[in-house]
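As structure tokens, the structure follows; a few thoughts come after it.
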Amino acid sequence: MEDIIYKILGAILTIITAFVVGITYGGLTRKVIARVQNRVGPKFYQNFFDVLKLLSKRTAINHGVMQHFAPMFIFTSAVTVLMFIPILHDGLFFSNFSFHGDLIFLLYIMPFGPLGMALGAGQTGNPNSAIGVTRGLSQMVGFEIPFVLSLVALMVQFETTSVTEIVNIQVESGVWMIFSNPFAFLAALFAMFGMFRYAPFDIVGAPAELASGPASEFGGKYLAIMMSSSSIFTFAKLVLYVNLFFGGAENLVELLIKTFILYMVPVVYGLVSPRYRTEQSITYFWKWPLALGVIGMIWAII
Amino acid sequence: MNIVKDKKSQHIVDYIKEFARKNSLFVMAYGTGCGAIEIPPTMTSRYDAERFGIRGAATPRQADVLLITGYLAVKTLKRVIRVYEQMQDPKYIIAFGSCTINGGMYFDSYNTINALDRYVPVDVYINGCMPRPEAVIEGFVALQEKIQRGDADNGKKYQENIDWYRENQMKVIKNWNMPDYNW
Amino acid sequence: MSNDLVLENEILNLIKSAFNAEGNVIKSRRVEVFVKKDQVSSVLLFAKEQRGYIHLSHSTCIDWIEEGEFELIYSILSPKDKIMLYVKTRIDRDNPVMENLDGIWHQLNTYEREMREMYGIEFPGLIGDKEFCLEDWDEIPPMRRDFDTVEFARKTFYQRPGREDAKDVRKTLTEQSGEKIPDFATKYSRE
């Protein structure tokens, strides 16, 4: 009985933590971008105001059933991914379902949100949404391949598919994955650039050319749900990366430091980059990241 | 919309809502006249309007504020009305320059409207030809104060007086072939 | 730049003798020629093919309402000589038809569409939408001088009170400088 109560409390706590941390990271990103552009920038908690305001808007857009479902799809997907990732190494509240799910399940469930979004955006009938969805799915084909290669290299090297096991092995041996298989890490890092969609890979949103792409017909509460779920998803992916390559985290402070450093890599890279075209983006992932993934795989087998 | 029954609690809810609305204004990136050239300096590093939580929105569905930056030809007015009707409540309009107030230097032109608030409700007028970025920011601050006071809900006013606005709009737009939006 | 206007007089005399046209040198690097309506295309082609006036800079129309004529101006530029040549022609105001010349410069199409909308000049065979800048316009073409914009604006658009004391600027300026407004200007004046 106590177990279940801990589980429920832990799940709620995890979602709240992911939401707060993800939104704060979004605000910090805006601050960093502003400082690089020699501006003062918004307050780092500005994104909380944005979400709160969007929630308080009256929304009356109706394009059909799927359009109303799409934000829920993304939210569900983000929370599901979060639930199957161990947040802390041996936390009482933060373990959730991580013992039951493994990397293959995560690989399977992660594209669920974008696909639901594609259905919803398709129903709005906005041409910008359709182009954005096409671009997003093409880009996913691009970065999934180095990502999967890198994860398979991991599974071969540790002979397990459980994230918890991988973290335990790293902690026991004292060697982080980033040192024992740097090529797999690099491939996964490049895949992360595509996942977070900062420049130069922001071809899906692309405010200047696509009017924010798939989200262009979503306003008010739907946009708030999409913002918060993307924050949760960002946090989940960061935690997954920290677990796989940086030996997990003992406590929240360690986790925050590791995730923030990792998160700043695509942000800072994006600050100095213009936007790619779609085919440039895909060929980018199919060149060096793919090669690094293959090398990582060979490294793991040897 | 009342979330809670109790009047005092509703007051607190309203305060929080208006505080959030005030501090997060998404501006529709739609330049209508010559004043659109004042927006880039307002948004970029010299005057940096993002300090006040003002940022651009790409589509009318996501936007709160519509900037009418200067004179409006009848052809542009048609587009402005379409954009305004696609925006979600609560929505605000900030009108720039003399042209939107009384026609400015185009008061006798055959194709520009003279008083914007006959066609769409306007929250804040910024006078000048053109207003400088400082004036633009002051206009935004005036709008924020208006929102905090709670009397900036002009979307509702537009819906209530839609007949009057439609009559004025149809007077200048002769061939009315616009879709009806569900607000 | 030399001030003896050799190149300018050369092109002017060439066109004068070839087409039996009027014309004069306005100043350094500016030459104008007045030709008949049906000679415009040959003058333009001659200047373009033979003399290197390959750039069409502008084309516009002036409403000479007192003389009952429209004046069409084609400004063409030679990058080699650095001379702007104004080819001017007059057409009847009551029956404004002009030859469609967008085969010589394709960008003339845009100017001709504008003139068709703003002055009501017909160009037979002109390809393009009837509406260019205006939408649903059913008055007389707005850039004609007998179109009263003030009256139209008063009739169509709501005038916010408060600017009744606005004066005609020309009156104030002429009073200051002691000049006199010409008769043709007062005839279609706003007051």
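The values are calculated or read from the model by the stated rules, or taken from the named source; none is laboratory data. This structure is a prediction, so every number in the text was calculated from the model and none was measured. Ideal geometry is used to build each Cβ from the backbone, glycine not excepted, and the neighbour counts take in all protein chains shown. All accessible areas refer to the heavy atoms of the entire protein, side chains included, with ligands and DNA or RNA removed. Shrake-Rupley method; radii C 1.70, N 1.55, O 1.52, S 1.80 Å.
Odds and ends about this structure:
- One residue from C:Ile26, C:Ile11, C:Ile76 being over 20 Å from C:Glu99 (Cα atoms) and open to solvent by less than 40 Å² (accessible area, probe 1.4 Å): C:Ile11
- Here region B:48-70 is the region considered, the condition is being among the charged types (D, E, K, R) and surrounded by fewer than 20 Cβ atoms within 10 Å (Cβ to Cβ), and the residue that is nearest to the chain's Cα centre (by Cα) is B:Arg55.
- Within region B:154-172, considering residues that are within 11 Å of another protein chain (Cβ to nearest Cβ) and open to solvent by less than 50 Å² (accessible area, probe 1.4 Å), the one farthest from B:Met87 (Cα to Cα): B:Val172
- Conditions (1) more than 20 Å from B:Gly155 (Cβ to Cβ); (2) at pLDDT 85 or above: number failed by B:Gly31: (2)
- Criterion applied to A:Val32, A:Val21 was being assigned to a helix (DSSP H, G or I), more than 28 Å from B:Ile147 (Cα to Cα) and open to solvent by less than 30 Å² (accessible area, probe 1.4 Å), and the one residue passing it is A:Val21.
- Residues that are outside any helix (DSSP H, G or I) and not aromatic (Phe, Trp, Tyr) within region A:254-290 comprise A:Val272, A:Ser273, A:Pro274, A:Arg275, A:Arg277, A:Lys287, listed in sequence order.
- The set of residues in region A:29-47 being without any contact (Cβ under 8 Å) to a residue 60 or more places away in the chain and not aromatic (Phe, Trp, Tyr) consists of A:Arg30, A:Lys31, A:Ala34, A:Arg35, A:Gln37, A:Asn38, A:Arg39, A:Val40, A:Gly41, A:Pro42, A:Lys43, A:Gln46.
- Annotation note: of B:Asn111, B:Asn175, the sole residue that is within 14 Å of chain C (Cβ to nearest Cβ) and surrounded by fewer than 19 Cβ atoms within 10 Å (Cβ to Cβ) is B:Asn175.
- So C:Glu99, is it modelled with pLDDT of 85 or more and in a helix (DSSP H, G or I): no
This table checks each residue for (1) part of a loop (DSSP other than H, G, I, E, B); (2) buried (at least 17 other Cβ atoms within 10 Å of the Cβ).
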| position | (1), (2) |
| --- | --- |
| C:Ile91 | no, yes |
| C:Asp94 | yes, no |
| C:Asp129 | yes, no |
| C:Glu139 | yes, no |
| C:Asp165 | yes, no |
| C:Gln176 | no, no |
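- Helices (runs of 4 or more DSSP H) lying entirely in region B:23-118 (those with 1 or more residues that are without any contact (Cβ under 8 Å) to a residue 40 or more places away in the chain and under 20 Å from C:Phe157 (Cα atoms)): B:74-86, B:97-102
- Out of C:Ile76, C:Ile62, sole residue that is more than 30 Å from B:Asn111 (Cα to Cα) and under 14 Å from the mean Cα position of the chain (by Cα): C:Ile76
- Against the list (1) at the interface with chain B (Cβ under 10 Å from one of its Cβ atoms); (2) buried (at least 16 other Cβ atoms within 10 Å of the Cβ); (3) farther than 23 Å from B:Gly53 by Cα, the condition A:Asn62 fails is (2).
- Hey, C:Val6 β-branched (Val, Ile, Thr), more than 28 Å from C:Arg113 (Cα to Cα) and open to solvent by 50 Å² or more (accessible area, probe 1.4 Å) or not: yes
- Filtered residues of region A:227-248 (kept if crowded, with 22+ Cβ neighbours inside 10 Å and either under 24 Å from A:Gln46 (Cβ atoms) or polar (S, T, N, Q) (or both)): A:Ser228, A:Ser229, A:Ser231, A:Ile232, A:Phe233, A:Thr234, A:Phe235, A:Ala236, A:Lys237, A:Leu238, A:Val239, A:Asn243
- Qualifying residue in region B:71-85 (condition: charged (D, E, K, R), under 25 Å from A:Glu209 (Cβ atoms), in contact with a strand residue (DSSP E or B) (Cβ under 7 Å, 6 or more places away or on another chain) and open to solvent by 40 Å² or more (accessible area, probe 1.4 Å)): no
- Residue in region B:96-103 that is modelled with pLDDT of 85 or more, closer than 26 Å to A:Ala206 by Cα, open to solvent by 20 Å² or more (accessible area, probe 1.4 Å) and under 14 Å from the mean Cα position of the chain (by Cα) present: no
- Failed criterion for A:Val152 (all others in (1) in contact with a helix residue (DSSP H, G or I) (Cβ under 6 Å, 6 or more places away or on another chain); (2) within 28 Å of A:Tyr284 (Cβ to Cβ); (3) modelled with pLDDT of 85 or more hold): (1)
- Condition broken by C:Asn95, with the remaining ones in (1) free of Cβ contacts under 8 Å to residues at least 24 places away in the same chain; (2) over 30 Å from C:Asn24 (Cβ atoms); (3) of a type outside the set (Ser, Thr, Tyr) satisfied: (2)
- The residue of region B:131-152 that is farthest from the other protein chains (Cβ to nearest Cβ), among those that are open to solvent by less than 50 Å² (accessible area, probe 1.4 Å) and not in a helix (DSSP H, G or I), is B:Pro131.
- Only one of the numbered conditions (1) within 14 Å of another protein chain (Cβ to nearest Cβ); (2) at negative phi; (3) modelled with pLDDT under 85 is not met by C:Gly162, and that is (2).
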